[in-house]
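Working notes for the structure below.
The values are calculated or read from the model by the stated rules, or taken from the named source; none is laboratory data. These numbers were taken from a predicted model, which means no experiment stands behind them. Here the Cβ is made from the backbone with ideal geometry for all residues, glycine too, and neighbour counts use every protein chain on show.
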Amino acid sequence: MSIGQGRGAPGREPGGPPDRPGKKWMIVLGVIVGVFVVLAGYDLISSRSALISGTSKSSPASSAPARATPAVTSSATAGARPSPASPSASLDFAQALRVASVAAFGPQGTSDGDNPGNAWRIIGSGAGQPWYSSWYATPEFGNLQSGTGILLDMGKTVTVSRVRLVLGDSVGADIQLRIGDSATPSDLSTEASATNVGGTVKLQVTSPVSGRYVLVWFTRLPPNSQGKYQIDVYSATVYGIKGT
């Protein structure tokens, strides 16, 4: 055995090609770049597919029917009261008015009204007792007169919109509502009427009317329990606007 042939550290054989470490790193780098390129392409394809899918399918919110937004109503159409200067304003602001006095009224005025001593009952505490007319043999007053009624003196000029009456239960009365500035029969104009009525009756004027006197005038009478014809009035309430 030769002394010069011992094992030593591995080394490059004499005459072999020189080592090139940079080549290996270039190969590794190329592989890494290739992987990134593949991943980037996959992400691009996935994103495009998701975009196409999102545009072709409607979301639950978009596919649901849209609800209409409630319209906002202005105060002009939501029951706002018109200016008191307009005729309809008196109807909207109407309130029960105080009656200064009441009197029985006949064809000649307060001088020949029926049962004048009981007229106050329709505006006061009549304890359930009505004012009642005289009785007649026919609904048309036995052809003795044209009518009978109650005159309400408001004390001053007011604007009247309606009158509410509580009559007896018998049906058959014909009524006129007359209003004016004088208690003279010819100065009181007819503003509302009702036919063949009984019980609670509302006489509504077409448009508010001004005047101091309100006449509830009966032109036909209902039957009473004795086979005669007579009207009972338990109360009369005037609604409108107070005067100045």
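Would you mind telling me which numbered condition in (1) crowded, with 16+ Cβ neighbours inside 10 Å; (2) free of Cβ contacts under 8 Å to residues at least 60 places away in the same chain Y234 fails?
Evaluating Y234 over (1) crowded, with 16+ Cβ neighbours inside 10 Å; (2) free of Cβ contacts under 8 Å to residues at least 60 places away in the same chain leaves (2) as the failure.
Looking at D187, D169, D181, can you tell me which residue is without any contact (Cβ under 8 Å) to a residue 24 or more places away in the chain, surrounded by fewer than 18 Cβ atoms within 10 Å (Cβ to Cβ) and of a type in the set (D, E, K, R)?
D187
Kindly list, by first and then second residue, each pair from a residue in the stretch 91-113 that is within 16 Å of Y213 (Cβ to Cβ) to a residue that is among the aliphatic types (A, V, I, L, M) and in a loop (DSSP other than H, G, I, E, B), limited to pairs with Cβ atoms under 8 Å and residues at least 6 apart or on different chains.
That search, which allows pairs on different chains as well, returns V99/I123; V102/I123; G109/A183; T110/A183.
Can you work out which of the residues in the stretch 183-223 that are in a loop (DSSP other than H, G, I, E, B) and of a type outside the set (V, I, T) is nearest to L152 (Cα to Cα)?
This residue is A183.
Does G243 satisfy the condition of being at pLDDT below 95, surrounded by 14 or more Cβ atoms within 10 Å (Cβ to Cβ) and not in a strand (DSSP E or B)?
yes
State all residues of the stretch 198-244 that are over 15 Å from A103 (Cα atoms) and of a type in the set (G, A, S); if no residue qualifies, say none.
Result: G198, G199, S207, S210, G211, S225, G227, G240, G243.
Taking S146 and the conditions (1) buried (at least 16 other Cβ atoms within 10 Å of the Cβ); (2) over 23 Å from S225 (Cβ atoms); (3) among the polar types (S, T, N, Q), which numbered condition does it fall short on, given that it satisfies the others?
With (1) buried (at least 16 other Cβ atoms within 10 Å of the Cβ); (2) over 23 Å from S225 (Cβ atoms); (3) among the polar types (S, T, N, Q) applied to S146, the lone miss is (1).
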